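The structure appears right after this line, and notes come after that.
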Amino acid sequence: MEKPANIGALKEAGYLSRSVKSEIRENLIQKIKTGQEIFPGVIGFEDTVIPQIENAILAAQDIIFVGERGQAKTRLMRNFVSLLDEYIPVVAGCEIQDDPLAPICRSCHTKLKETGLQTPIEWASRNQRYNEKLATPDVTIADLIGEVDPIKIAEGKYLSDETALHFGLIPRSNRGIFAINELPDLAEKIQVGLFNILEERDVQIRGFTVRLPLDVFLLASANPEDYTNRGRIITPLKDRFGSHIKTHYPLSRAQEVLITEQERYRLPEEEKIILPEFMKAIVAEISRQARIHPEIDQTSGVSVRVSIHNQESVIANSFRRYLRLKENFIVPRLTDLAYIAASTTGKIEMEGFGAEREDGVIAGLIDRAVLEIFNSFFADYEFSDFLANFQDSTAIIVSENIASPEYERQAKRLKGLDEMRQRLKVENAEVMASALELVLEGLHLRGKLSKERISGKLSYERSN
Ligand SMILES: [Zn+2]
């Protein structure tokens, strides 16, 4: 169907104005009725966060998401775009996407008086109707609401004439969504301006009052510590949000694995990558252990991005081995975990004097994660046949620098590995190398094998 090109045609087509909240609400109702997924790609919030979002939308409330870093708050807010109409009609050339049937800005009023039903309209896509801003202490009223344009003043406009204004982000979000990240970081004065424009519908700019009855769906995010801190968000603005929805980290390790897999960087050599289940689980478990570690500052949280970037780091290191040693597949091993410091440091904050101990803390997290996953695969297994291999001075040497066929060669001399091959789904030499490292390290962490570091390599022997 051809989209109407002027106000007359739009009226003839039977277009009815509606507020952005009604629009989102009605689109949500359609999706619920037809059983469509509301927020595709958001994993782990199906039974907790998403029902609350749906209720907020049905109740036409603005929403503030409260949660630690890396809990998909920004992703959730961006997902609201999919609940907007694909296109809506706007007065052509209007800076604030005015409704052709009910414009609010002065230049549109003037234009309509002159051209009436012939006034041209444009169609704004849903992506054009979403604006996002990271709150920082230096965000100004000019950024958010607007600024007087000295050139227009010089042209003879009066200050009381809003056409002398450069509109900021919020007026430009008219009939759309405005999302503000880390709301408490906004200076109090700016929060007052934000509240006034949204609630009182007028705002003071450089001493004169601009009246703009904007239609905006307001979304915000905040860290729980800042949010509860008295005075970080001015009370009237806090009250404006009808729904305060708490986000959370993945409730299960399996969900953390799924999110990591969905979000991680894809290599052009992707078809060569084999990620054993136990390696994915260990990477996810490291973040989960970090979230309960007493030496890590839990107020800012441990983002899911730690898992994602750690997964990318271990893949990168195994990719490097694949290139150097001409391996057949890219398969991460435990010894690749030595490289996650680069992707972990800076995303976690140490408590008090913990900073110098950071490397030790990360090593401890890896140990706990490896033992946890090893036990989950072998809780009921003793390895007595396998441990019998170590009666004499037998040692098994591993390193991220040793080619996989060398592991196979060592493994051939060992008894009692059948169960391990089966449970860890060993399908080739590269996965064999990775699986053997898990078993050796797991048995070391259980106190059954000793481990020595010799010039960059690890040597596992009988424990004395
Ligand atoms: Zn306008």
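Can you confirm whether ILE64 is in contact (Cβ under 8 Å) with a residue 24 or more places away in the chain, within 18 Å of PHE178 (Cα to Cα), touching a strand residue (DSSP E or B) at 6+ places or on another chain (Cβ under 6 Å) and not charged (D, E, K, R)? Against the criterion (in contact (Cβ under 8 Å) with a residue 24 or more places away in the chain, within 18 Å of PHE178 (Cα to Cα), touching a strand residue (DSSP E or B) at 6+ places or on another chain (Cβ under 6 Å) and not charged (D, E, K, R)), ILE64 qualifies.
Set side by side, the residues ASP149, ASP138, ASP185 differ, and just one is away from the ligand (no atom under 14 Å from the Cβ), at pLDDT 85 or above, at negative phi and surrounded by 14 or more Cβ atoms within 10 Å (Cβ to Cβ), which is ASP185. The condition of being of a type in the set (A, V, I, L, M, F, W, C), in the same structural domain as PHE329 (by TED's automatic domain parsing) and outside any helix (DSSP H, G or I) holds for only one of LEU458, LEU438, LEU443, that being LEU458.
Yes/no matrix, rows are residues, columns are (1) within 28 Å of the chain's Cα centre (by Cα); (2) among the polar types (S, T, N, Q); (3) under 30 Å from ASN229 (Cβ atoms):
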| site | (1), (2), (3) |
| --- | --- |
| GLY44 | yes, no, yes |
| THR48 | yes, yes, yes |
| ILE53 | yes, no, yes |
| GLN71 | yes, yes, yes |
| ILE88 | no, no, no |
| LYS111 | no, no, no |
| ARG129 | yes, no, no |
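Look at region 100-119: where a residue is on the phi > 0 side of the Ramachandran plot and a partner is in a helix (DSSP H, G or I) and away from the ligand (no atom under 12 Å from the Cβ), sitting 6+ places away or on another chain with Cβ atoms under 9 Å, you get GLY116/ILE7; GLY116/GLY8.
What helices (runs of 4 or more DSSP H), lying completely within region 311-424, carry at least 3 residues that are among the aliphatic types (A, V, I, L, M) and assigned by TED's automatic domain parsing to the domain that holds SER450?
Ranges flagged: 358-378.
Out of (1) away from the ligand (no atom under 16 Å from the Cβ); (2) modelled with pLDDT under 95; (3) surrounded by 20 or more Cβ atoms within 10 Å (Cβ to Cβ), what's the single condition that is false for ILE53? Every condition holds for ILE53 apart from (2). Helices (runs of 4 or more DSSP H) fully within region 190-285 that include at least 1 residues being closer than 23 Å to ILE24 by Cα: 235-240.
Residues that are hydrophobic (A, V, I, L, M, F, W, C) and in a loop (DSSP other than H, G, I, E, B) were ranked within region 1-15; the one that is surrounded by the most Cβ atoms within 10 Å (Cβ to Cβ) is ALA5.
If we scan region 336-359, do we find a residue that is over 26 Å from LEU436 (Cβ atoms) and either among the aromatic types (Phe, Trp, Tyr) or in contact with a Phe, Trp or Tyr (Cβ under 7 Å, 6 or more places away or on another chain) (or both)? Checked region 336-359: at least one residue is over 26 Å from LEU436 (Cβ atoms) and either among the aromatic types (Phe, Trp, Tyr) or in contact with a Phe, Trp or Tyr (Cβ under 7 Å, 6 or more places away or on another chain) (or both). One residue is enough: does region 263-273 have a residue meeting the conditions of a type outside the set (A, V, I, L, M) and within 24 Å of GLN52 (Cα to Cα)? No, the conditions are met nowhere in region 263-273.
Applying the set (1) surrounded by fewer than 16 Cβ atoms within 10 Å (Cβ to Cβ); (2) in a helix (DSSP H, G or I) to GLN289 leaves exactly one unmet item: (1). Among the conditions (1) part of a strand (DSSP E or B); (2) within 16 Å of the ligand (Cβ to nearest atom); (3) among the aliphatic types (A, V, I, L, M), the only one that ILE104 does not satisfy is (1). Return the residue satisfying two criteria in turn: it lies in region 107-127 and is polar (S, T, N, Q) and away from the ligand (no atom under 15 Å from the Cβ), and of such residues it is farthest from ASN174 (Cα to Cα). Checked region 107-127; the qualifying residue farthest from ASN174 (Cα to Cα) is GLN118.
So for region 37-47 (the condition being outside any loop (DSSP other than H, G, I, E, B), surrounded by fewer than 17 Cβ atoms within 10 Å (Cβ to Cβ) and in the same structural domain as GLY93 (by TED's automatic domain parsing)), does at least one residue qualify?
Taking every residue of region 37-47 in turn, none turns out to be outside any loop (DSSP other than H, G, I, E, B), surrounded by fewer than 17 Cβ atoms within 10 Å (Cβ to Cβ) and in the same structural domain as GLY93 (by TED's automatic domain parsing).
Within the option set LEU58, LEU84, being away from the ligand (no atom under 16 Å from the Cβ), surrounded by fewer than 17 Cβ atoms within 10 Å (Cβ to Cβ), of a type outside the set (Ser, Thr, Tyr) and touching a residue at least 24 places away in the same chain (Cβ under 8 Å) holds for one residue only, LEU58. Considering region 407-420, and only residues there that are out of contact with any helix residue (DSSP H, G or I) (no Cβ under 7 Å at 6 or more places or on another chain) and in contact (Cβ under 8 Å) with a residue 12 or more places away in the chain, the residue that is surrounded by the most Cβ atoms within 10 Å (Cβ to Cβ) turns out to be GLN410.
The values are calculated or read from the model by the stated rules, or taken from the named source; none is laboratory data. Predicted, not measured: the structure shown is a model, and the values here were computed from it. Here Cβ is always computed from backbone atoms with ideal geometry, including for glycine, and neighbour counts include all displayed protein chains.
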